[in-house]
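Asks: First the structure, which I've put down as structure tokens, then a few questions once you've had a look.
The values are calculated or read from the model by the stated rules, or taken from the named source; none is laboratory data. Model, not experiment: these values are computed from the prediction. FYI the Cβ positions are ideal-geometry reconstructions off the backbone, even for glycines, and counts take in every protein chain you see.
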Amino acid sequence: MKNIVLTGFMGTGKSSVGKVLAERLGYKFCDLDTVIMGETGLSINDIFAEHGEARFRALESRAVQRVASKQGMVIATGGGAVIDPENRRLLRASGVVVNLCAPPELILERLRSESDRPLLKDDRSLEKIEAMLHEREPFYADADIRIDTAGKKVEDVAQEILAYLHGKL
Ligand code: S3P
């Protein structure tokens, strides 16, 4: 049974869509950040603050390796998980990769009240989000399907993915 891998920038709805999708498919849901927090007993903020981004990326790669070897899972990846080529290879090999996207203005709006995004801690501006999106675009484009989530309800996005998956699992 193939996995469904959700990729995309912070605030594109990977976790909320993933939970609904998993329920509809009868698959298990797994959020990579939650796996990392469970393993370390630390929040994502604390991992970045106490050990740095490189350590976080190493933990993230380990979580990708573990989760990608399972089957029948809906996997919500962290926004930066697809930067690493080996992570991308493993995730693509494990199933169908669905990229969720949204315009930077909407991402900013969605993340405005959030305090658990260490990469935007010092600069939570539209320019910063645009620059990161631009830099990561090739990695997000490396997907089987891309879905713009702007103006859509979580259920509608899940439904769109289900329609795409029909006959592919
Ligand atoms: C990150 C995204 C976060 C989390 C970490 C780094 C990124 O996950 O993994 O803060 O590099 O974009 P979400 O996309 O679930 O917010």
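Asks: Kindly evaluate LEU59 against the criterion of being in contact (Cβ under 8 Å) with a residue 12 or more places away in the chain and over 24 Å from ARG24 (Cβ atoms). Spell out the reasoning first.
Replies: On the way: in contact (Cβ under 8 Å) with a residue 12 or more places away in the chain: yes; over 24 Å from ARG24 (Cβ atoms): yes.
In short, yes.
Asks: Of all residues in the range 20-47, which are surrounded by fewer than 19 Cβ atoms within 10 Å (Cβ to Cβ), touching a residue at least 40 places away in the same chain (Cβ under 8 Å) and part of a helix (DSSP H, G or I)?
Replies: Residues satisfying the conditions are ARG24, ASN45.
Asks: If a residue counts only when it is within 12 Å of the ligand (Cβ to nearest atom), which helices (runs of 4 or more DSSP H) contained entirely in the range 86-169 have at least 2 such residues?
Replies: Numbers: elements: 104-111, 126-141, 154-165.
So the answer is 104-111, 126-141.
Asks: Next question, about the same structure. Restricting attention to the range 132-143, does a residue exist that is among the aliphatic types (A, V, I, L, M) and either at pLDDT below 95 or under 18 Å from ALA22 (Cα atoms) (or both)? Step through it out loud before you land on a result.
Replies: Residues of the range 132-143 that are among the aliphatic types (A, V, I, L, M), as a first pass: 132-133, 141, 143.
Now narrow it down to the ones that are either at pLDDT below 95 or under 18 Å from ALA22 (Cα atoms) (or both): none.
No.
Asks: Of SER113, SER69, which residue is modelled with pLDDT under 95 and not charged (D, E, K, R)? Spell out how you get there, then give the answer.
Replies: Details: SER69 fails: modelled with pLDDT under 95.
Criteria check complete, one pass: SER113.
Asks: Suppose the filter is touching a residue at least 24 places away in the same chain (Cβ under 8 Å), out of contact with any Cys (no Cβ under 8 Å at 6 or more places or on another chain) and on the phi < 0 side of the Ramachandran plot; does ALA81 pass it? Explain how you work it out, then say what you get.
Replies: Details: touching a residue at least 24 places away in the same chain (Cβ under 8 Å): yes; out of contact with any Cys (no Cβ under 8 Å at 6 or more places or on another chain): yes; on the phi < 0 side of the Ramachandran plot: yes.
Against the criterion (touching a residue at least 24 places away in the same chain (Cβ under 8 Å), out of contact with any Cys (no Cβ under 8 Å at 6 or more places or on another chain) and on the phi < 0 side of the Ramachandran plot), ALA81 qualifies.
Asks: Do the conditions hold for VAL74, that is, is it in a helix (DSSP H, G or I) and either within 23 Å of MET37 (Cβ to Cβ) or at pLDDT 95 or above (or both)?
Replies: no
Asks: Can you tell me which residue is nearest to SER113 (Cα to Cα) among those in the range 1-34 that are among the β-branched types (Val, Ile, Thr) and within 11 Å of the ligand (Cβ to nearest atom)? Can you show your working first?
Replies: Taking the range 1-34 as the starting set, the residues that turn out to be among the β-branched types (Val, Ile, Thr) are 4-5, 7, 12, 17, 20, 34.
If we keep only those that are within 11 Å of the ligand (Cβ to nearest atom) as well, we get 7, 12, 34.
Working: THR7: 22, THR12: 15, THR34: 20 Å.
Once the filter is applied, the top-ranked residue is THR12.
Asks: Would a scan of the range 35-43 turn up a residue that is within 21 Å of GLU86 (Cα to Cα), within 11 Å of the ligand (Cβ to nearest atom) and more than 16 Å from the chain's Cα centre (by Cα)?
Replies: no
Asks: If you go through the range 105-125, how many residues are closer than 25 Å to GLN159 by Cβ and touching a residue at least 12 places away in the same chain (Cβ under 8 Å)?
Replies: Residues that pass the stated criteria total 5.
Asks: If you check every pair at least six apart or on different chains, which have Cβ atoms under 7 Å apart with a residue in the range 150-165 that is at pLDDT 95 or above first and a residue that is polar (S, T, N, Q) and surrounded by 13 or more Cβ atoms within 10 Å (Cβ to Cβ) second?
Replies: From residues that are at pLDDT 95 or above, the pairs are VAL154/SER16; VAL157/THR149.
Asks: Can you confirm whether ILE4 is under 19 Å from ASN99 (Cα atoms) and not in a loop (DSSP other than H, G, I, E, B)?
Replies: The answer is yes for ILE4.
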